[in-house]
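First comes the structure, then the notes that go with it.
The numbers here are math on the coordinates, done by the rules we state, and not lab data. Please read all numbers here as calculations on a predicted model, not as lab measurements. Neighbour counts are summed over all protein chains in view; Cβ atoms, including those assigned to glycine, are modelled from backbone coordinates with ideal geometry.
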Amino acid sequence: MTAVGASAPRWAAALLAVAVPSLLAFNLPPSATFLNQAASLIGWSLWLALLAAALPRPGRLPSGLAAVLAALALLAVATVGSMVWAGLPGTLGLSSLGMLAAAALTAWVAAELRAAGHAEAAFDAFCIALLVAGALSAIIGVVQVFDPDATGGPWIAATGVGDRAVGNLRQPNHLSSLLLWAMTATVFLLRTRRLPAPIAWPLYGLMLFAVVLTGSRTGLLGTLLLAVWGALDRTLDRRQRLWLLATPVVYAALWLLMAEWARLHAQVFAGEIQLSQSNLHSSRVGIWKNTLVLIAQHPWLGVGFGEFNFAWSLTPFPDRPVAFFDHTHNLLLQFAVELGLPLATLVVALLVWALVEAWLRPLSAAPESRPMLRAALVVVLMAALHSQVEYPLWYAYFLLPAAFAFGLCLGRPPDAGVGGETPVPGRRVRAPAALAAALLLLAGSVAALLDYQRVVVIFSPPAGAPPLAQRIQDGQRSWFFGHHADYAAVTTAARPSDVLPAFRRATHYLLDTRLMMAWAVALHEAGHEQHARHLAQRLREFRNEQSAEFFAPCDDPSSTGERPFQCLAPTVPLDYRSFR
């Protein structure tokens, strides 16, 4: 094993980057996943710094990596443009820019590891960390389903979606994708003899069982992708190919076993409920239909990066899904609606170009590098598959591992020496750029973690905390999370119009019932009658029980006199741009 993978600090950093974020059950309001994401960013910045310290001066960018970096750069430009022209708050824009920079750095360092001949050692550490995360998350998922009374503490999160396994990431789809990544890592470690078969296959089966317990349709599709890997990769040995090919069959058998177990215990298997759901208005199909309408309305420039929820919530959709969606749950539609079709097409074309290169790289690679390249490609494809029905890449603990695997796939091989791929002897001059960038990312991540405490105290005040008004005022000065403080300000104000400026940021994070009601009242109090009516009509389309009292006067047949503003349709046509 090379020096990059040999030292204990680098192995520990790999575990901190990959495993710890998915296992962290403790979180602080207002975000249920912020600490997981902060742990991911801090862990990855530490690991990247250690890896970058062993890298020589970088060479010319491979074309596939250049395409990925160009796509990320275009997204960064779109983010800045949205901040300037579309009303995206600086707090949200800075967070997006930081995540894009982290992804670019991760892919770049991974590609340079390949060029320096250190990729296999780093990927070993990556896969072992994935295996640890997957095995422990599978156990957590089993406990959540079979012993829910043992959950809800600091080590195992309670499931909030019926009897489905959610892991400590608190979402069934997220747990299923993590487990599928870990199963991919298991096959790689078995294939390279880093993991003995008597340990590998029971762990693989345990994680597959946990995928069943999530009831995730994305997880089902992921097992089919593993079978495709087994069918196409002729370099796998016969037993490994059979296991991969049998994965969907074993999944189906475990599914039937769980369904029968539930019947014997007078229960209904949560996975069966999930698959039987057919209400399109509460499904992704409904939001996709609405998104296509928005794309048709704004085909050239889109609604602005990060502005989908704002535009969708304020656009008339009588048949809209009743949930508050902050993403389209499809990466291609997300790009199209927020960036506009021309820029979205360019970004997608760059990513597809890179994906094709990643697919072709193993064909010309040295034989000892092909297992790593193919396993890394499966990790990328699994993330791409999940991105067609959700938005995992908006979470650091999915974005950065995917970027790492993608960078490994796209890196140039080192010059071949005797016996295979070896580092290039002439490239020993160290370059500080990657190390400096990793340390800057670490500093920014720690700063964000400290900055988050300024809004935590608003929603979870300790003993002796200052008054709410003072805590909100301090939280509004947060660089990354001031919009959360604005939300608290506008939803607790006795007279919402007194804090009308605070709506400028709060409304661009996620428009929900409390926020829309407060905003409508504030606009009405400030004399913006048409805007107040338009907003109230959009809220009514969500058919949310929390707004029933707000609209009760509209449905009261005994009421007489002038109808409240929320009962009246606007007489002037407005769209979301009227509310920026």
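Observations
- Calculated [θ] (222 nm, deg cm²/dmol) that DSSP helices of n ≥ 4 give over the chain, each run adding -39,500 (n - 2.57): -20500 deg cm²/dmol
- Cysteines in the chain lacking a second Cys C-beta under 4.7 Å: 127, 409
- Cα centroid separation - region 1-74 against region 490-515, whole Å: 36
- Taking Cα atoms only, the orientation of helix 63-81 departs from the longest principal axis of the chain by about 20 degrees.
- Taken one residue at a time, the phi angles of region 128-141 give Karplus couplings (6.51, -1.76, 1.60, θ = phi - 60°) of 5, 5, 4, 5, 4, 4, x, 5, 5, 5, 5, 4, 4, x Hz. Gly and Pro are set to x.
- With a Förster radius of 45 Å applied to the beta-carbon distance between residue 84 and residue 139, the computed FRET efficiency rounds to 0.40.
- Cα centre as origin, Lys/Arg/Asp/Glu Cβ charges: the chain dipole, Debye: 1560
- Legend: translational diffusion of the chain by Stokes-Einstein, Rh = Kirkwood radius over C-alpha pairs, 4 °C, 1.567 mPa s; D = 51 µm²/s.
- Axis angle, to the nearest 10 degrees, between helix 396-410 and the longest C-alpha principal axis of the chain: 40 degrees.
- Summary of the geometry: region 215-273 and region 323-366, compared by the centres of their Cα atoms, lie 27 Å apart.
- Spatial separation of Cα centroids for region 439-475 and region 523-544, in angstrom: 32
- Region 1-79: equivalent-ellipsoid semi-axes (sqrt of 5 x gyration tensor eigenvalues, Cα, Å): 27, 23, 8
- Among 343-355, 144-156, the order from most to least packed when residues are scored by Cβ within 10 Å on average: 343-355, 144-156
- For residue 548 and residue 463, a Förster radius of 30 Å and the Cβ-Cβ distance give a FRET efficiency of 0.25, rounded to the nearest 0.05.
- Each residue of region 196-203 is assigned a 3J(HN,Hα), and the resulting list reads x, 4, x, 9, 5, 6, x, 5 Hz, derived from the Karplus form 6.51 cos²θ - 1.76 cosθ + 1.60 (θ = phi - 60°), x at Gly and Pro.
- The phi torsions of region 525-539, fed into the Karplus equation with coefficients 6.51, -1.76 and 1.60 and a -60° offset, translate into couplings of 5, 7, x, 8, 5, 5, 5, 5, 5, 4, 5, 5, 5, 5, 4 Hz, rounded to whole numbers, with Gly and Pro shown as x.
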